[in-house]
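S.K.: Below is a structure I'd like to ask you about.
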Amino acid sequence: MTKLHWKRTLRTASSERFLALRDGQDVAAVDLHHLGNGTVAGTVVLLESAGWQESDVPALLQSLDEDFLPDVDLAHGTLNYTVVIGRVLGNYEAEKDGG
């Protein structure tokens, strides 16, 4: 698998969103939520157009863990992920009131 490049697209006091890019194309999105008890819960959306295989998931999670999550890890139970595969239907945003 070609090396992934991570791009942080959103950061708040307790959460972050990342896009994974491979060869300049979006291949996955990850939302991380830093919980009050010191753990991190993540949702990983693999874009089906990227051709992901289930066997690719551990390397993807390890890449994110090594680059952005030094204080938590799966082995110690301080990090957990839900992984899904899907496709982007579109971006929907609230319309500004013209009032």
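S.K.: Given R₀ = 22 Å, FRET efficiency for Arg22-Ala94 by Cβ-Cβ distance, to 0.05?
M.R.: Taking R0 as 22 Å, the efficiency between Arg22 and Ala94 is 0.10.
S.K.: Per-residue ellipticity at 222 nm for the chain, helices alone: DSSP H runs ≥ 4 residues times -39500 (n - 2.57), over residue total, nearest 500 deg cm²/dmol?
M.R.: It lands at -4000 deg cm²/dmol.
S.K.: Another question, then. Run through the DSSP bridge list for the chain and note the antiparallel percent, rounded to the nearest 5.
M.R.: 70
S.K.: Across bins of 5 angstrom width beginning at 0, how are the C-alpha pair distances of region 50-89 distributed, in whole percent?
M.R.: 5, 18, 29, 21, 15, 9, 2, 0
FYI, it's all coordinate maths here, none of it is from the lab. Predicted, not measured: the structure shown is a model, and the values here were computed from it. Don't worry about glycine lacking a Cβ; one is built from the backbone with ideal geometry, like all the others, and counts go over all protein chains shown.
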